[in-house]
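Participant: Dropping a structure here in structure tokens format, bear with me for questions.
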Amino acid sequence: MTEKVKYEMMILLTEEFNQSELKTWSFNYARNLQLLSASQISIISKGKLDLAYTIKDQKKGNFVQINFSIVPKCIQALTENTRFDPYILRYLLLNRGFIDQKLS
């Protein structure tokens, strides 16, 4: 069995979400991660911030940080799900296991 690796994902969502809708979206995203056998899922809302430049006609966006552990072979399915979400303007996925290993 392949070992799970820690990942960190920053997601920029459209600004149209209020706090309740943002919590619902985050809960659904965490549930999708669980369906891909992810564990140690934590979601941190960074709030609504001004963007340095417009993205898809948006001047503000909701930033969400998600930390989780998952088997690397599931990453492709995760990125496909993320890419087709109409509310996600941009996302960045980092392999924290690799970064933490390099820093120690």
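Participant: Name the residue, out of A77, A30, that is surrounded by 14 or more Cβ atoms within 10 Å (Cβ to Cβ), more than 13 Å from L12 (Cα to Cα) and under 17 Å from the mean Cα position of the chain (by Cα).
Facilitator: None of the other options fit; the residue is A30.
Participant: Being under 11 Å from Y7 (Cβ atoms) and surrounded by fewer than 13 Cβ atoms within 10 Å (Cβ to Cβ) is the requirement here; does L92 meet it?
Facilitator: yes
Participant: Among all residue pairs at least 6 apart or on different chains, which show Cβ distances below 9 Å where the first residue, located in segment 71-85, is on the phi < 0 side of the Ramachandran plot and the second is at pLDDT below 90?
Facilitator: Pairs that qualify, where the first residue is on the phi < 0 side of the Ramachandran plot and the partner is at pLDDT below 90, are V71/M1; V71/T2; V71/E3; P72/T2; P72/E3; K73/T2.
Participant: If I go through segment 50-74 residue by residue, how many of them are within 20 Å of L13 (Cα to Cα) and surrounded by 12 or more Cβ atoms within 10 Å (Cβ to Cβ)?
Facilitator: Residues that pass the stated criteria total 12.
Participant: From the set of residues in segment 1-27 that are hydroxyl-bearing (S, T, Y) and modelled with pLDDT of 90 or more, which is nearest to V64 (Cα to Cα)?
Facilitator: Among residues in segment 1-27 that are hydroxyl-bearing (S, T, Y) and modelled with pLDDT of 90 or more, the one nearest to V64 (Cα to Cα) is S26.
Participant: Among R90, R83, which is the only one that is closer than 17 Å to N28 by Cα, of a type in the set (K, R), at pLDDT 90 or above and out of contact with any His (no Cβ under 9 Å at 6 or more places or on another chain)?
Facilitator: Checking each option against the conditions leaves just R83.
Participant: Over 21 Å from V5 (Cα atoms) and either surrounded by 13 or more Cβ atoms within 10 Å (Cβ to Cβ) or in contact with a strand residue (DSSP E or B) (Cβ under 7 Å, 6 or more places away or on another chain) (or both): does that describe G47?
Facilitator: In short, yes.
Participant: Before we move on, is L22 farther than 17 Å from L92 by Cα, of a type outside the set (S, T, N, Q), in contact with a strand residue (DSSP E or B) (Cβ under 7 Å, 6 or more places away or on another chain) and crowded, with 16+ Cβ neighbours inside 10 Å?
Facilitator: Considered against the rule, which asks whether it is farther than 17 Å from L92 by Cα, of a type outside the set (S, T, N, Q), in contact with a strand residue (DSSP E or B) (Cβ under 7 Å, 6 or more places away or on another chain) and crowded, with 16+ Cβ neighbours inside 10 Å, L22 comes out as yes.
The values are calculated or read from the model by the stated rules, or taken from the named source; none is laboratory data. Keep in mind that what you see is a predicted model, and the values were worked out from it rather than measured. Note that we place each Cβ from the backbone using ideal geometry, even for glycine, and neighbour counts take in every protein chain shown.
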